[in-house]
Amino acid sequence: MPVPVRRLFVALTLCCALIGGATACGSDSSSSSQQDTAAVVVPAKGTPTPTTSAEKQKFAKTRFVANAGLAAGATYQWIVKPYKAGKFKKGAKGRKLALVKAGLAGAFAYNRLKAASNNAKGDPTLAKAVAPLTAGIDALKDLPAKLRKGDSTDSVANSFDDVINKVKEAGKSAGAEVKDKVPSASQLSGG
């Protein structure tokens with residue numbers, strides 16, 4: 001049964017349009033390098049965007065609680081708990097792995113605490129409560145490297161624990177109670 005030429009032409013045109021459209025949606029390195037200067041940042045789908053100042057404040061507290069909770073969970077799970085169990089002492093079984101995990105957790109906690117500090121700026125009450133802690137958070141920057149090397153683990157673990165507890169207290173005083181939330185391994189390694 002022969003197919004009319006018109007149907008073949010329509011089918012061929014549709015196929016070419018679909019293939020051309022699919023390849024136009026892809027990106028190659030040569031065209032993306034030319035367009036880097038004109039990049040447009042688009043918020044991810046499903047990301048809430050606050051419109052009023054009250055919503056901005058609410059989201060600031062929510063984000064603060066989420067980030068500080070992740071920092072607290074990582075600190076407790078991979079720094080404080082192993083430290084109290086004696087896993088950082090020389091000769092302890094699994095010391096190297098515990099120190100590497102603690103170093104990653106320290107870097108993750110520092111990152112999340114910086115984000116929480118930035119989130120706190122969106123809420124006046126929270127900003128006042130967290131402002132005195134920024135120096136303590138900044139002091140944590142070099143500590144993950146010390147943990148990985150096994151240098152002065154006692155003071156490092158105590159420093160992280162102290163800063164986390166102060167952030168929790170500041171959040172609680174501003175009406176944003178922080179609870180520990182242990183991050184997944186992929187969150188920890190991804191930063």
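The values are calculated or read from the model by the stated rules, or taken from the named source; none is laboratory data. Nothing here was measured: the structure is a model prediction, and the numbers come from that model. Ideal geometry is used to build each Cβ from the backbone, glycine not excepted, and the neighbour counts take in all protein chains shown. When the accessible area is computed, the model is the full protein with side chains, heavy atoms only, and any ligands, DNA or RNA have been set aside. Shrake-Rupley method; radii C 1.70, N 1.55, O 1.52, S 1.80 Å.
Condition check ((1) touching a helix residue (DSSP H, G or I) at 6+ places or on another chain (Cβ under 6 Å); (2) surrounded by fewer than 22 Cβ atoms within 10 Å (Cβ to Cβ)) across all residues:
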position: R112; (1), (2): yes, no
position: A115; (1), (2): yes, yes
position: N118; (1), (2): no, yes
position: P124; (1), (2): no, yes
position: V130; (1), (2): yes, no
position: I137; (1), (2): yes, yes
position: A157; (1), (2): yes, no
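When region 166-179 is limited to residues that are of a type outside the set (K, R) and not in a helix (DSSP H, G or I), the one that is nearest to the chain's Cα centre (by Cα) turns out to be V178. Please indicate, with yes or no, whether at least one residue in region 83-106 is in contact with a helix residue (DSSP H, G or I) (Cβ under 7 Å, 6 or more places away or on another chain), among the basic types (K, R), closer than 20 Å to L143 by Cβ and open to solvent by less than 70 Å² (accessible area, probe 1.4 Å). There is no residue in region 83-106 that is in contact with a helix residue (DSSP H, G or I) (Cβ under 7 Å, 6 or more places away or on another chain), among the basic types (K, R), closer than 20 Å to L143 by Cβ and open to solvent by less than 70 Å² (accessible area, probe 1.4 Å). Which residues, counting only those in region 145-155, are more than 14 Å from V80 (Cβ to Cβ) and open to solvent by less than 70 Å² (accessible area, probe 1.4 Å)? Residues satisfying the conditions are A145, G150, S152.
Within region 133-156, residues that are at positive phi sit with their Cβ atoms under 6 Å from residues that are assigned to a helix (DSSP H, G or I) and surrounded by 20 or more Cβ atoms within 10 Å (Cβ to Cβ), at 6+ positions apart or across chains, in these pairs: G150/L99. Among the residues of region 176-191, those identified as open to solvent by 60 Å² or more (accessible area, probe 1.4 Å) and in contact (Cβ under 8 Å) with a residue 24 or more places away in the chain are E177, K179, D180, K181, V182, Q187, S189.
If the condition is being under 20 Å from the mean Cα position of the chain (by Cα) and not aliphatic (A, V, I, L, M), then region 141-165 contributes K141, D142, P144, F160, D161, N165.
Selection of region 91-122 for residues being touching a residue at least 40 places away in the same chain (Cβ under 8 Å), polar (S, T, N, Q) and under 19 Å from F160 (Cα atoms) yields only N111.
When region 73-82 is filtered for residues that are surrounded by fewer than 21 Cβ atoms within 10 Å (Cβ to Cβ), in contact (Cβ under 8 Å) with a residue 24 or more places away in the chain and not β-branched (V, I, T), the ones remaining, listed by number, are Y76, Q77. The residues of region 129-155 that are closer than 16 Å to K96 by Cβ and in a helix (DSSP H, G or I), listed by number, are P144, A145, K146, L147, R148, K149, T153.
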